[in-house]
Amino acid sequence: MILIGMYDSPFTRRVAIALALRGIAFEHRAWSVGADFDRIREYSPLGRVPVLVLDDGEALMESSSILDWIQHETDGVPLLPASGRDRREAMRLIGLASGAADRCVAMVLERIFHSEAQQSQAFLARSLSQIEGVFGALDAACAARGGNWLVGDAMTLADITIACYVTHSRHAAPVDLARWPALMAHVERCEALEVFAAHYAPFYVPQPKGAKEVTE
């Protein structure tokens, strides 16, 4: 089994952590969506990561689809509650964090493909305000749990996703987490775990093909 994508991608990282928690061994290919775009497109037409190549050669794309496969077709610790209010709350938190991660990636791409003079400051400001709104909601959820895991008595995909996505936004947007102390404490609790440290890479700004030409 092969996982394609660098660990500075929060999408790749949350898949790697989920695989590790389930005890699923995999080969990691740290391919960049910039320098390795063409190689990634051999597995994913979008040229996005993560891609999980199964032992039979089937390629799974997009972290949500890969995690669905992990959850339903492999054995190990549950990643999400099976049903009910806890599952709905977990999915709500994952949805919020995913939306913020999407806005953060959009901000990074705006800066990559446009010179500073060409960048839309209105777009960047709007995206940042969306991220900050999500962080406020996540901070409230963390505060309400009083330092416990966000759903139930064990770490779930909600905790994993929030930690991965917030850490990425913290450095890529960037965003100062000091305004959201409960969220910051929860993320730091997760990041202190060995499984998080083992699947981490500092944020790296990719240089996609065509970026230089577009900015000139």
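Descriptive notes on the structure:
- Placing a label point 7 Å from the Cα of S83 along the Cα-to-Cβ direction, the residues of region 144-160 whose backbone N falls under 19 Å of that point are 152.
- In percent, rounded to a whole number, the relative contact order of the chain is 27, using alpha-carbon pairs under 8 Å and six or more apart.
- Think of the chain as having a plus end and a minus end, set by charges on the Cβ of Lys, Arg, Asp and Glu; of A18, A173, Y204, A173 sits farthest toward the positive end of this dipole.
- Of the DSSP H helices in the chain, those whose Cα atoms cover at least 20 Å axially and whose Kyte score averages -0.5 or more: 84-113, 121-145, 157-172
- Anisotropy class of region 1-129 from Cα gyration tensor, a/c 1.5 cut: oblate
- Legend: calculated FRET efficiency, E110 to A59, from the Cβ-Cβ distance at R0 = 30 Å, rounded to 0.05, equals 0.55.
- Considering only I2, A35, I66, and ranking their Cα positions along the charge dipole of region 2-73 that arises from unit charges at the beta-carbon of Lys, Arg, Asp and Glu, the one farthest toward the positive end is A35.
- Evaluated with a Cβ-only charge set (Lys, Arg +1; Asp, Glu -1), region 64-187 carries a dipole of roughly 320 debye about its Cα centre, given to the nearest 20.
- Prolate/oblate/rounded label for the chain (Cα gyration tensor, a/c 1.5): oblate
- Antiparallel DSSP beta bridges within the chain, as percent of all bridges there, nearest 5: 65
- Computed magnitude of the charge dipole of region 2-73 (debye, nearest 20; Cβ of K, R +1, Cβ of D, E -1): 300
- Global geometry of region 2-73, whether rounded, prolate or oblate, following the gyration tensor of its Cα atoms and the 1.5 cut on a/c: prolate
- Relative contact order for region 2-73, counting Cα pairs under 8 Å that sit 6 or more residues apart, in percent: 35
- Cα Rg over Rh - region 84-198, Kirkwood: 1.01
- DSSP beta bridges fully contained in region 2-73 are about 65 percent antiparallel.
- Remark: spin-label model distance R22-A35 equals 3.0 nm, labels positioned 7 Å along the Cα→Cβ axis.
Taken together, the values in this text are just the output of simple stated rules run on the coordinates, not laboratory data. If you're wondering where the values come from, they're calculated on a predicted model, not measured in any experiment. Every residue, glycine as well, gets a Cβ built from its backbone with ideal geometry; the counts of neighbours run over all protein chains shown.
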